[in-house]
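Please treat every number below as a calculation from the coordinates, not as lab data. Predicted model only: the values in this text are computed from it and were never measured. For neighbour counting, all protein chains shown are included, and Cβ atoms are generated from backbone atoms with ideal geometry for every residue, glycine included.
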Amino acid sequence: MVDELELSLLEKICAGLLLVLFTVGSLVLLYGYWPDRMPEKDDICQLYCKKIFAVRLVDSCFGTKGSEKIVDSSALSIKAADTTKADSVRKDSPRKRAADNQRCCQVWYASGETITLNQLLLLLVALAGFLGNMIYIGGTFTAYIGARTFRRSWILWYLIKPFIASGLALAFYFVFRAGFLNYSNDTSNINIFGIMALAMLTGLFTQVALKKLAAIFGFGVDVEGKVRFAPKDLPNEVTVTSIQPGTIDKTRVNTITIKGQHFDKQPLTITINTTPVVNPDISPDTITIKYEVPPDQQQLTTFTVAVADNKGKILKTKDMTAQS
């Protein structure tokens, strides 16, 4: 019977080499496809040369003295122009220069030797998620091996988990780009370092990321009882659990305490006998009111406290008996 807990020395060496290979390989690919710069707001062309270790924005071929490159649309080839030609290009009007850049972009695209910004970001996010998970499983695998508690039945989990993390990183990236977190599609606002940090952390903490996605795409019920497709915890619903005390003293200032949850998430309207309460002390789970019975209500025997949400819906009421 095969020992469920122990790997042979050869198996440990092979596993270690695979961990190093996949970790270093994903790191090298991430470095190889890292772009020279992100497009700016006024850049016409957002294509990159897809040559590994030389991923450059296509319009970078314009504007460098002594190394200007002109695209031959007939042969789809790039030729280095001399310094005189470079100087003449720089003397052209901005409109002419923009037209040249656009022509360069079109020819590069037709050559099939380019990758778009969105495609490049997808590739980088997938690689970052893969690398993040390789860091995680490398640590857990060696810890289990060192403690001699590793089980062979987990081998498949270790083989598949990095690819799951890569897909999960892409899912989080799509959530951001879809605008769930007010993310802008303007390329000038894209923070590539922020995207990579998100992708790598998703790979490192896949279980946490899965739970977060489940919360984002969970079904919830709003205050009106309608089913909505939204985070279960967003928006936080205001709830009122109690209103204390049960009596009102007409001869002194009364302290009324309202208990509940999420009182700071939306404006609330509190009334006593239909008269709005001014400047109550509000915290996330407690509302404190200092109330003195007005002279024109001294004859009343019951005081009704009501709490309503920002839509005017009554959340809770309580009748308090008056004491002289």
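For the pair residue 156 and residue 119, the difference between a 0.36 nm per residue extended length and the Cα-Cα distance amounts to 10.3 nm.
How large is the convex hull of the C-alpha atoms of the stretch 239-323 per residue, in Å³?
Per residue, the Cα convex hull of the stretch 239-323 comes to 81 Å³.
A Förster distance of 41 Å, applied to the separation of the beta-carbon atoms of residue 52 and residue 6, puts the FRET efficiency at 0.50.
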